[in-house]
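What follows is a set of notes on a single structure, which appears directly below.
The values are calculated or read from the model by the stated rules, or taken from the named source; none is laboratory data. In this text, all values refer to a predicted model and were calculated from it rather than measured experimentally. Positions of Cβ are backbone-derived with ideal geometry, glycine not excepted, and every protein chain shown enters the neighbour counts.
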Amino acid sequence: MIAHSILDLFGNTPMVKWRPRRSNWDLYLKLEKYNPGQSIKDRAALNMVLDAEANGRLKPGGTIIEASSGNTAIGLAIIAAIRGYRFVAVLDPYVPSEKVNLIRAYGAEIVNFDPPATMDLGAALIQRETYASELSKRTPNSIYVDQHNNPANTAAYPATLARELIEAVPDADLLFGAIGTSGSICGTSKGLREAGHKCKVIAVEPRGSVFFSSEGGPYFQSGSGNPPGIELPRILDRTLIDEGLQVTDVEAFSMCRALARCCGILLGGSAGGVLFKAYKYIEPMKREGKAVVIAADGGEKYMSTIFNDEWMRENSLLDHELEKSIAEWFS
Ligand SMILES: Cc1ncc(COP(=O)(O)O)c(C=O)c1O
């Protein structure tokens with residue numbers, strides 16, 4: 001295919017299929033890192049911009065403002081560059097440096113807060129969202145994208161990701177995906193259900209996030225989860241999620257590290273967590289089946305964290321035994 005714009009390359013990401021050892025199930029890994037901004041959030045970013053253009057909120061030469069854990073901002077930065085908008089990304093201190101550098105490379109302006117003394121993800125999220133909303137109010141011809149409460153986020157997925165999954169694996173039994181704003185898992189589920197697909201939809205959040213448990217706490221997975229102390233996204237529709245699971249940082253990151261070495265697949269932290277829970281879910285099942293796992297982004301953005309032994313050790317996240325077991329399951 002010859003694209004006429006990088007926007008034509010959003011979506012239609014590849015899938016890898018394999019059957020782990022000791023399992024009667026086929027796993028289909030949807031690699032969203034092959035979007036131009038290297039994550040699933042490109043799809044939401046594009047739809048939210050198109051929606052704001054269509055309803056007249058975003059006018060030529062306008063300014064896009066968004067608070068982000070990184071991936072949405074990368075997508076918006078690409079779209080803004082192509083369509084001639086100014087883009088201001090409001091980031092929190094936990095955004096990995098690789099993501100910050102990418103956003104900057106596409107010409108976006110960055111507002112970044114100093115690292116706080118404690119790891120309070122909720123406070124960081126409130127700080128960045130409040131700042132972005134206020135900045136938009138005092139910036140003429142600007143929009144605050146507000147992905148947590150923007151229905152165009154969820155609406156990005158039925159005609160794109162859901163359609164691609166139905167075409168690739170029409171008889172999938174299970175769908176696993178991470179949850180952050182909830183846009184991707186709920187939007188994909190909506191598309192599947194509208195098409196009459198019966199597969200069970202399972203959302204995975206970091207342990208410490210409060211979608212499926214009231215026991216909140218700190219976690220290092222980036223992009224997924226809703227930390228304690230902040231409201232759940234208004235776009236969340238629980239009727240579209242059949243089951244919610246939690247995964248620890250150690251489980252998620254061990255999966256990323258092991259999979260890179262045993263299979264040559266570099267996953268980001270949320271994707272590692274989703275794949276870990278998917279494997280644990282299907283492992284005891286006797287009957288045959290098919291599970292689709294959405295991998296939201298790739299490990300390339302986490303070289304200074306998940307793939308850095310020193311950072312992993314400092315944060316007590318290294319578990320060589322678990323990495324060895326995972327490599328056995330998947331090699
Ligand atoms: C790496 C990663 N995983 C998962 C998610 C969650 O996706 P969603 O916001 O669609 O729930 C995000 C969102 O930013 C992300 O960046």
>> Going by what's in this entry, would PRO36 be described as in a loop (DSSP other than H, G, I, E, B), free of Cβ contacts under 8 Å to residues at least 60 places away in the same chain and under 18 Å from TYR157 (Cβ atoms)?
In response: yes
>> Take LEU102 and tell me if it is of a type in the set (A, V, I, L, M, F, W, C), modelled with pLDDT under 85 and under 19 Å from TYR302 (Cα atoms).
In response: no
> What pairs can you find where one residue is in region 145-160 and of a type in the set (D, E, K, R), the other is within 12 Å of the ligand (Cβ to nearest atom) and modelled with pLDDT of 95 or more, and their Cβ atoms are less than 8 Å apart, with a gap of 6+ or different chains?
Replying inline: ASP146/GLU66
> Any idea which of SER270, SER304, SER254 is away from the ligand (no atom under 16 Å from the Cβ) and of a type in the set (S, T, N, Q)?
Replying inline: SER254
> For GLY229, are the conditions met, namely being part of a strand (DSSP E or B), surrounded by fewer than 18 Cβ atoms within 10 Å (Cβ to Cβ) and either more than 16 Å from the chain's Cα centre (by Cα) or modelled with pLDDT of 95 or more (or both)?
Replying inline: no
> What are the residues in region 264-278 that are over 23 Å from GLU98 (Cα atoms) and not aromatic (Phe, Trp, Tyr), if any?
Replying inline: LYS277, ALA278
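Checking the condition at pLDDT 95 or above, assigned to a loop (DSSP other than H, G, I, E, B) and of a type in the set (A, V, I, L, M), which residue from LEU259, LEU236, LEU275 passes?
On the way: LEU259 fails: assigned to a loop (DSSP other than H, G, I, E, B); LEU275 fails: assigned to a loop (DSSP other than H, G, I, E, B).
Result: LEU236 is the single residue among LEU259, LEU236, LEU275 that is at pLDDT 95 or above, assigned to a loop (DSSP other than H, G, I, E, B) and of a type in the set (A, V, I, L, M).
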>> Suppose we keep only residues that are within 13 Å of the ligand (Cβ to nearest atom) and outside any loop (DSSP other than H, G, I, E, B) within region 195-226. Which one would you say is nearest to ALA123 (Cα to Cα)?
In response: SER209
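Answer yes or no as to whether THR130 is among the hydroxyl-bearing types (Ser, Thr, Tyr), in a helix (DSSP H, G or I) and closer than 28 Å to VAL274 by Cα.
Details: among the hydroxyl-bearing types (Ser, Thr, Tyr): yes; in a helix (DSSP H, G or I): yes; closer than 28 Å to VAL274 by Cα: no.
For THR130, the condition - among the hydroxyl-bearing types (Ser, Thr, Tyr), in a helix (DSSP H, G or I) and closer than 28 Å to VAL274 by Cα - is not met.
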